[in-house]
């Protein structure tokens, strides 16, 4: 049973014995992720503030530093017969907006007493997020999900799904506030209190 403000973590079905065996093997091989750095990938949409809240809570608990990453993908207005450098598609107004929003992120995480770096890159979002996670040796990636429908994901694709498929470290996907929860959220009623 979940209570308000709790996060449910779902795992692929595996027997407890196998999970314990896997963890023990990873401990012996020293392959457990180092949680000293959390990579927070954001697009400055409505889910971003929720992603920041979850990431700051985790970073405080894990005593980890935070890297906030924003990726701008080039507009698909131009179709070329040969590859064109990403730099040719950079837009100064997008860059200025990202810089402003990343400064706000820095203020948010610093207010929580956390060490934070901010980055803005151009290019394919999934690829850049995975590259940055590897470069920074991040032990966890926190990313938001928009909850688009199946048709949208089939046609356009989901960044969160792409990161989940390609990541070599744990990924925490934070749903939008309007997303339906998989498990009901129960209100806690103090013992002896009357219910209406």
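The values are calculated or read from the model by the stated rules, or taken from the named source; none is laboratory data. Quantities reported herein were computed from a predicted structural model and do not represent experimental measurements. Every residue, glycine as well, gets a Cβ built from its backbone with ideal geometry; the counts of neighbours run over all protein chains shown.
Worth a mention:
- Applying the criterion of being at pLDDT 90 or above and either over 13 Å from residue 42 (Cα atoms) or part of a loop (DSSP other than H, G, I, E, B) (or both) to the residues of the stretch 133-161, the residue that is nearest to the chain's Cα centre (by Cα) is 140.
- Identity of the residue in the stretch 115-127, at pLDDT 95 or above and crowded, with 18+ Cβ neighbours inside 10 Å, that ends up farthest from residue 94 (Cα to Cα): 116
- Set 55, 98: member being at pLDDT 95 or above and out of contact with any helix residue (DSSP H, G or I) (no Cβ under 7 Å at 6 or more places or on another chain): 55
- Complete set of residues in the stretch 102-113 that are buried (at least 18 other Cβ atoms within 10 Å of the Cβ) and farther than 10 Å from residue 68 by Cα: 108
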